[in-house]
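Everything below concerns the one structure shown next.
The numbers here are math on the coordinates, done by the rules we state, and not lab data. All figures in this text were calculated on a predicted structure; none of them were measured in a lab. Cβ coordinates were reconstructed from backbone atoms using ideal geometry, including for glycine residues, and neighbour counts include every protein chain displayed.
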Amino acid sequence: MVNRYLLPQLFNSSGTYHLTCDSWELRCDDVTQRVQRIVLRNTAAVVGTLSGVALGVLTELRELSITRTYLHGTLPPQLYALTALEVLELSENDLRGTLAEAVGSLRELRILSLHHNA
């Protein structure tokens, strides 16, 4: 089982991934090797929050999809700095709180799915 301390370990300070796993999809740009897509679905192996994840270094992230996992807590402020984000899907978890007005700064956002949370 992946514990809550694993999510922050996915990324180093340059925003490149250093962990692979069959249950996860990480897609990177072929040239820059920067993470563009993170998909974690239907897995009890993800337990924890997004607050410790170095989201700020993921400047080319276009999709963040973490659904049907044991993700809990609130959406961290650095999430709203991901200006290349097109898809934000965090449904069917145990997230709490309200969506900050800063979501308006995500100009490229086309899909926002937060249903079935606390």
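Side notes on the structure shown:
- Each label was represented as a point 7 Å from its Cα along the Cα-to-Cβ direction; for A100 and C28 these points are 2.8 nm apart.
- Calculated SAXS-style log₁₀ I(q)/I(0) at q = 0.14, 0.17, 0.21 Å⁻¹ - the stretch 57-98, Debye, Cα scatterers: -0.32, -0.48, -0.71
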